[in-house]
Amino acid sequence: FKTCSGRVLCKLPCSGEKEVDLAVQSAKAAFKIWSQMSGMERCRVMLEAARIIREQREEIATMETINNGKSIFEARVDIDISWQCLEYYAGLAGSLAGEHIQLPGGSFGYTRREPLGVCVGIGAWNYPFQIACWKSGPALACGNAMVFKPSPFTPISVVRLAEIFTEAGVPKGLFNVVQGGAATGQFLCQHPDVAKISFTGSVPTGMKIMEMAAKGIKPVTLELGGKSPLIIFSDADLENAVKGALMANFLTQGEVCCNGTRVFVERKILDTFTKEVVKRTQKIKIGDPLLEDTRMGALINRPHLNRVQGFIKQAKEQGAEVLCGGDVYVPDDPKLKNGYYMRPCVLGNCKDDMTCVKEEIFGPVMAILPFDTEEEVVERANATKFGLAGGVFTRDIQKAHRVVAALKAGMCFINNYNVSPVELPFGGYKCSGFGRENGRAAIEYYSQLKTVCVEMGDVESVF
């Protein structure tokens, strides 16, 4: 495992079929204990885990920065969202219930909300600790166990989460971590004792996971890629819209699935908006992610940096104009010279059919596209196979609600972007996946409903 500076931090063996089976069997044994506990008992344990994370915020954030390359400033936010997630689902754990239905003649029925069993979580490398909490929070609240596989590019911080759950008092093996790549993921998805799979990552991998899950009739939650539209109307607060565009493109070095990378700007403010965005982008401090004033750290690894650079090269060949950035950045600190840094890039003169506008780049690259009418921009915004997110900046609140209602996307923002409170469901439409994380909605995807019908009189027989 290499850090963002290119140095080897540690070596981790991949979990093979035997190790995966041991993890699943361990989780299965823990599930028997955990699933029989009351919601309030689970609540107390989860609150303790949240307390430990909150108390060790700085230590875990530092570990995450080394793990992923994002700035310490952002990593702290990730850790705060993580403990808030566990607190939120701890609060829901005690309130999970079915309902009672009165039937004729004094008979009645009721429903029970029951856990699924051993759930598998497969995480991405952009938010390693946070994604693990987003998946384990509702899973554990509902009474499930979880085996979690982090990305092989960010294996470290999730191990700390497993230790924290153990310290908090979950049964041994309830949250297990296995390490590895595609082969390890395949062993998990095909294991007969796995009840559900939740995956965050790319569309091609999501398709493979669906295929494997289908063979065992396992439910899946897929949170996949995006190429989300951000629509800036001429009546928007310009300062706010510029800040929103930067938040929608450059968080975590642009390695965010719901980023608003297609920035549609009403033509009458195109020049003013573009000039201000370029000015602000050029001021973003790049470098050592552990320094307090750094706002953009390193990309995840060399192949990914090369891939992002390839998209920019292709964009230029197709007629886009690089308005700023896009080149590799070499920090002054000699310890960082082998890191995977680049200057954030803004592309102008973009067209809807360009590769940089159609495909997910997953790096700090913003494409600006002009538009003239509301009807036109909505049609263009929806002309994509993805449907994860979308954003609108305008002072006209009726227009804002009208446009987000027309957007084919699961997560929409009005006059902000990339805000993810745990209380709100998160997930996509179309090729961006299905199922939801966060909010009460996630409970539906980590539990199953049992119906019980009770007859209080004699059975009415037709025989």
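Which one, (i) 22.8, 82; (ii) 20.5, 63; (iii) 23.6, 88, gives Rg and Dmax of the Cα atoms in Å as derived from the coordinates shown?
(iii)
Compute the helix-to-body angle for 238-250: its Cα long axis versus the longest principal axis of the chain, expressed 0 to 90° and rounded to tens.
Result, in degrees: 70.
What's the angle, to the nearest 10 degrees (0 to 90), between helix 17-34's Cα axis and the longest principal axis of the chain?
60
Could you work out the helix-only [θ] at 222 nm for the chain, with each DSSP H run of four or more residues adding -39,500 (n - 2.57) and the total divided by the number of residues, to the nearest 500 deg cm²/dmol?
Numbers: 15 runs with 186 residues, N = 463.
My calculation for the chain gives -12500 deg cm²/dmol from helical runs alone.
Give me, ordered by chain and number, the residues 5 or more places off Tyr340 or on other chains with an amide H under 5 Å from its own placed amide H.
HN-HN under 5 Å from Tyr340: Leu299.
Amide H to amide H, which residues 5 or more places from Phe148 or on other chains are under 5 Å from it, using H placed in the peptide plane?
Residues meeting the criterion, in which the H sits 1.01 Å from N, are Gly121, Asn176, Val177, Val178.
Cross-link partners among lysines for Lys28, C-alpha distance below 20 Å, same-chain residues fewer than 8 apart left out?
Qualifying lysines at Cα under 20 Å: Lys18, Lys135, Lys149, Lys172, Lys196, Lys218.
Counting other C-beta atoms within 10 Å, and keeping those with at most 13, which DSSP coil GluC sites (Glu not before Pro) do you find in segment 23-125?
Glu99
Rank these residues by their accessible area, most exposed first, probe 1.4 Å: Met212, Met342, Met247.
On the way: Met212 35, Met342 0, Met247 85 Å².
Reading off the accessible areas and sorting them downward yields Met247, Met212, Met342.
Trypsin sites (Lys or Arg not before Pro) within segment 160-264: which are DSSP loop residues with at most 15 other Cβ atoms inside 10 Å?
On the way: sites: Arg160, Lys172, Lys196, Lys208, Lys215, Lys227, Lys243, Arg262; in loops: Lys172, Lys227.
Qualifying residues, ordered by number: Lys172.
With θ set to phi - 60°, apply the Karplus curve 6.51 cos²θ - 1.76 cosθ + 1.60 along segment 411-422 and write out the HN-Hα couplings as whole Hz, x wherever there is a Gly or Pro.
After applying 6.51 cos²θ - 1.76 cosθ + 1.60, I find 9, 10, 10, 10, 6, 7, 6, 6, 9, 10, x, 5 Hz.
Tell me the angle of helix 302-317 to the major Cα principal axis of the chain, expressed in degrees between 0 and 90 and rounded to the nearest ten.
Result, in degrees: 50.
Indicate, rounded to the nearest 5 percent, the antiparallel portion of the DSSP beta bridges found entirely in the chain.
On the way: 19 of 56 bridges.
The answer is about 35 percent antiparallel.
Can you list the GluC sites (Glu not before Pro) in segment 257-339 that are in a DSSP coil and have 14 or fewer other beta carbons within 10 angstrom? List each step's numbers first, then the result.
Working: sites: Glu266, Glu276, Glu292, Glu317, Glu321; in loops: Glu292.
For GluC sites (Glu not before Pro) across segment 257-339 that sit outside H, G, I, E and B with at most 14 neighbouring Cβ atoms in 10 Å, the list reads Glu292.
Under 5 Å between amide hydrogens, which residues at least 5 positions from Phe413 or on another chain qualify, with H placed 1.01 Å from N in the peptide plane?
Here the answer is Gly390, Gly391, Val392, since their amide H atoms fall under 5 Å of that of Phe413.
Which ³J(HN,Hα) values in Hz, rounded to whole numbers, follow from the phi angles of segment 280-297 under the Karplus curve 6.51 cos²θ - 1.76 cosθ + 1.60, where θ = phi - 60° and Gly and Pro get x?
5, 5, 5, 8, 5, 7, 9, x, 4, x, 7, 7, 4, 8, 6, 10, 9, x
The values are calculated or read from the model by the stated rules, or taken from the named source; none is laboratory data. This one's a predicted model, so the numbers in the text were calculated from it and none came from an experiment. Note: ideal-geometry Cβ built from the backbone for every residue, glycine included; neighbour counts use all protein chains shown. For the accessible areas, the whole protein counts, side chains as well, though only heavy atoms, and no ligand, DNA or RNA atoms are used. Shrake-Rupley method; radii C 1.70, N 1.55, O 1.52, S 1.80 Å.
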